[in-house]
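Asker: First the structure, which I've put down as structure tokens, then a few questions once you've had a look.
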Protein chains: 2
Amino acid sequence: MTADQVITVHGDAELIARAGHLFAGTQREFVCAARDLDTWSQPEARQAIGRRMRGADTSGITVDKLVSPVALADEAARSHLREVAARGARVRISSAPLPHETIIIDRRVMILAGRGAPGMREFTVTTSPVLVDGVYSLFRAAWETATDLAAYLRGDVPHLDAGSRAVLRALGAGYTDESAARQLGLSLRTYRRRVAELMATLEADSRFQAGVRAGELGLTG
Amino acid sequence: MTADQVITVHGDAELIARAGHLFAGTQREFVCAARDLDTWSQPEARQAIGRRMRGADTSGITVDKLVSPVALADEAARSHLREVAARGARVRISSAPLPHETIIIDRRVMILAGRGAPGMREFTVTTSPVLVDGVYSLFRAAWETATDLAAYLRGDVPHLDAGSRAVLRALGAGYTDESAARQLGLSLRTYRRRVAELMATLEADSRFQAGVRAGELGLTG
DNA sequence: GGGGCGATGGCAGCTTGTTGCCATCGCGTT
DNA sequence: AACGCGATGGCAACAAGCTGCCATCGCCCC
């Protein structure tokens, strides 16, 4: 039995001081799962990382960012994600709650953030291959089934009102239009109108396609 | 800056000796993500855990098991999963490669397995809240989007022949039956027969539902 | 009150999908 | 050749879904 070291640091400043070189030293891959964008919204932290990255060659590096829908709540966050995506990062949205922040660099170093006020969070840094590999696999599993940012914005999931969701549920349950309309207390005409609107929103040409899209966007579970 | 301890043990025997009490001490929740079932296929390990669990009250404990499709490859593994499910565990299948083994008990303790020959693997045990919470969230994210075992077996995805897949593609592309049939070089009647068969296979009552199912089973990407 | 407006729902006509029935065809067996 | 059998495709009748048109209703604003 042996004891690996896992370093814990408190606050952005200490993280930058102790682990900043890890960010700058990224060789191939930078993956990140986060519930929100609090960390990088902190101007000091972002600038500090920015300075570190300045001289680095970022061309061969893939950046994968997995965030929850919360990260799209306000416009500032949206524009930040768009900017990141424009610089070549792949961004996906996971409907499940994500960690406060999980970063894996080159599949060698892992940094996890705990709860706490922005700027004063607790961070855990580790290089244990078993830990990093394990978490990396879980990240990939979550990543694979998440929705691409572009598709997510296209579908504009959150803008579905309660009515549309009800229609979606009825469709997913396999009812005919007639019984679905009855159950929702709508006329057949209106129900079908709703379906047509929904299909327009999902940019689907057929109900089958609408079903696939709905599934993709996580509107059925 | 502080240093947390992460214990590393080698081999099933040492894991049982050092961490066996953790399994037996499960109070509420036992979650587990694994690529295959090697660990628990080892008779000694399973028996040892079994002995530990014997007297424990398992009624209030939820067990979630997330595995890759590989775990369904041979009949022994299948029957083990069925047995586990019968005892109340929730089992889901993730299409992405999973860690060799990740276990989180009561959201307090985490055990990760590394590579290595069955029986002689390296395990990492940690209780760091930041690490455990972070990994737990990732697990949930992967879990949410995974397929339920029952649905997975019901759908029997791999047994779709090339024809059915072509039909699926046509449906997913949003073509009408007429143009789809033309493109596939089938008569309208035969194409529709295929669609009907497909829907029967997917146990779908409507094309919309078939679309959702197809998406769930990953037949569209 | 009156007018505008969006949401609703009835109706009708049309398109699309669903299914049973049967003729046909290819193919391997007897 | 004769037969059986499964796959195919045409046909038809029916069910389901789609949509334009218009009447109506509730609501807000003037």
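The values are calculated or read from the model by the stated rules, or taken from the named source; none is laboratory data. None of these values were measured; they are calculated from a predicted model. As a convention, Cβ positions derive from the backbone with ideal geometry for all residues, glycine included, and neighbour counts pool all protein chains shown. Areas reflect the complete protein model, heavy atoms only, side chains present, ligands, DNA and RNA absent. Shrake-Rupley method; radii C 1.70, N 1.55, O 1.52, S 1.80 Å.
Asker: Using protein heavy atoms only (no ligands, DNA or RNA), what is the total accessible area buried between A and B, 1.4 Å probe, nearest 100 Å²?
Answerer: In total, this chain pair buries about 4500 Å².
Asker: How far, in nm to one decimal, is A:D106 from itself in the other copies if the label point is set 7 angstrom along Cα toward Cβ? Shortest first, please.
Answerer: The projected label point of A:D106 is separated from its counterparts by 4.0 nm.
Asker: Within the set of other residues whose C-beta is less than 11 Å from the C-beta of B:E14, count the net charge using Lys and Arg as +1 and Asp and Glu as -1.
Answerer: Details: positive: B:R18, B:R121; negative: B:D12, B:E122.
Residues near B:E14 contribute 0 overall.
Asker: Once the label point is set 7 Å along the Cα-to-beta-carbon vector, what list of distances in nm do you get between A:S179 and its counterparts in the other copies?
Answerer: Here A:S179 shows inter-copy label distances of 3.2 nm.
Asker: Just how large is the dipole of region B:156-216 about the Cα centre, in debye to the nearest 20, putting +1 at every Lys and Arg Cβ and -1 at every Asp and Glu Cβ?
Answerer: My answer is approximately 280 debye.
Asker: Also: Between copies, how far does the label point of B:H21 sit from its twins, in nm, shortest first, when each point is 7 Å from Cα along Cα→Cβ?
Answerer: 4.0
Asker: Bin width 10 Å, origin at 0, all Cα-Cα pairs of region A:160-216: what percent of pairs per bin?
Answerer: Calculated over all Cα pairs of region A:160-216, the distribution is 25, 63, 13 percent.
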